[in-house]
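Read through the structure below, which is laid out as structure tokens, and then see the notes.
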Amino acid sequence: MAKQEALKRSLLLLTLLAGLLATSPASGQVVARFFYDEKGNVVRQERDTNGDGKMDRWIYYDSEGKIERVEQDEDFDGKPDLWLYYEKGKLQRENVSSKRHGHIDLWYFFDSQGQVERKEQDTNGDGKPDLWVFYENNQPVRNEEDRNFDGKVDRAATLQGGKISRVEESANGNGKMDSFSYFQNGQLVRKEIDRKHAGRIDLWGYYREGRLVRQEEDLNGDGKADRVLYFQGEELVRREEDSRGKGRIDLIEFFSQGKLARRLMDSKGEGKFDSLYVFKDGKLVREERDTDGDGVFDLRIFFDENGQELRQEADTNRDRRVDVWVTYRDGKRSLQEEDLNFNGRIDARYFFKDGEVVKQEQVAEAGPGSPALPFASIEDELRGAATGVMPEEKKIDTTAAKEQEAVKQ
């Protein structure tokens, strides 16, 4: 018993001496206190780092005399808002109350080398982390976020060299990633989306200098693109579609200033384009068809602003020149003209009323010439539409056109 009392007195004396040694010589104010166990080992240290007379740092030691925990009052309000945890003298974790309200909302985890390997953050103040940052060699390599605070990660970003290389997102917030964005040198180059949340990608977007240049869509869920959209300066310029799901494009549309300008179709689904539709201000003004499948248009139809037929032009002998003209009034055939010997001159006219021929004329060899444009091949149309330079249109013989219009009247 006497020995124990002597030991206690010795510890008390050591504590008093430590207090004297940790006293400011100028003011006599205590700036540090040390606490010991029965064996004389320091177990706790308290410090006043700003000299305001209040302790603001608390250091705790393990049985081996190594730091086990440090608490720090960063804003000097008397309450700790930074906690450091050690194992065998090495920093393992750092807890922070970033808003200085005493509630921990930031956690740092360290590797064996003392470098940060993970950061967790509570951004909404519910006490649970919803942002995770992972590090390698002190550099962030991956971020994860729970944006709707349901405990599931719904956005994750992978970084390389400090720049984002990939972003995964859950569009509906259920924790299953259905949107994937890929970056090069910090710029978006590709995006893949599972729009139906079915576990497979059905939309692909390709970017250049951060702008969308091509978009592919899987319409029937077979994992293959059925529709492709092309953009220039964020404006849609072309659309291609496999509307029948046969694995080949059967519809191509071209746009100008955001409006549909031309449409090419494989109307029979036989793998050949055979129909062309031309639009102006979003309205159909002309249609051309390849009726015999030889790859050259041979029927042309013009429409008025109400969508009614105005005129038809046909090539019946495959020489790419019009040899039959049909004029409509109020949606009904009123006049048909024919070049019977295919010399570019009209030889016969037929006048109609209520669908019946009421008058027929034979025209002399010196009759007016055709003002019609020659027919283009589908290959020329495709090439021209793709390059923006349409098949060259032959200038109309205005004199002959006036003569023909006079005859019609």
Note to self: For segment 309-340, which positions are out of contact with any strand residue (DSSP E or B) (no Cβ under 7 Å at 6 or more places or on another chain) and either surrounded by 16 or more Cβ atoms within 10 Å (Cβ to Cβ) or more than 16 Å from Arg289 (Cα to Cα) (or both)?
What the structure shows: Asp315, Arg321, Arg329, Asp330, Lys332
Notebook entry, point to check: Could you count how many residues in segment 100-126 are without any contact (Cβ under 8 Å) to a residue 24 or more places away in the chain and among the basic types (Lys, Arg)?
Noted result: 2
Check: Within segment 152-162, is there a residue that is part of a strand (DSSP E or B), under 29 Å from Glu87 (Cβ atoms), of a type in the set (Lys, Arg) and at pLDDT 95 or above?
Finding: no
Note to self: Being over 17 Å from Phe297 (Cα atoms), charged (D, E, K, R) and outside any loop (DSSP other than H, G, I, E, B) is the filter here; which residues of segment 311-358 pass it?
What the structure shows: Arg329, Lys332, Arg333, Glu337, Glu338, Arg345, Arg349, Lys353, Glu356
Margin query: Looking at segment 285-325 only, could you name the residues that are touching a residue at least 40 places away in the same chain (Cβ under 8 Å), closer than 18 Å to Arg262 by Cα and not aromatic (Phe, Trp, Tyr)?
Written below: Glu288, Asp290, Gly295, Val296, Asp298, Arg300
Note to self: Looking at segment 225-262 only, could you name the residues that are modelled with pLDDT of 90 or more, more than 20 Å from Tyr277 (Cβ to Cβ) and surrounded by fewer than 17 Cβ atoms within 10 Å (Cβ to Cβ)?
What the structure shows: Gln232, Glu235
Margin query: Please pick out the residue among Leu188, Leu219 that is without any contact (Cβ under 8 Å) to a residue 60 or more places away in the chain and outside any strand (DSSP E or B).
Written below: Leu219
Notebook entry, point to check: Name the residues in segment 130-141 that are closer than 15 Å to Lys152 by Cβ and either touching a Ser or Thr at 6+ places or on another chain (Cβ under 9 Å) or at pLDDT below 95 (or both), would you?
Noted result: Asp130, Leu131
Notebook entry, point to check: Among the listed residues Asn124, Asn185, Asn143, which satisfies the condition of being out of contact with any strand residue (DSSP E or B) (no Cβ under 8 Å at 6 or more places or on another chain) and farther than 22 Å from Arg227 by Cα?
Noted result: Asn124
Check: Listed residues Val228, Val213; which is of a type in the set (Val, Ile, Thr) and either within 16 Å of Leu251 (Cβ to Cβ) or touching a helix residue (DSSP H, G or I) at 6+ places or on another chain (Cβ under 8 Å) (or both)?
Finding: Val228
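The values are calculated or read from the model by the stated rules, or taken from the named source; none is laboratory data. Since the structure is predicted, the reported quantities are computational estimates derived from the model, not experimental observations. So basically every Cβ, Gly included, is an ideal-geometry build from the backbone, and we count neighbours across all protein chains shown.
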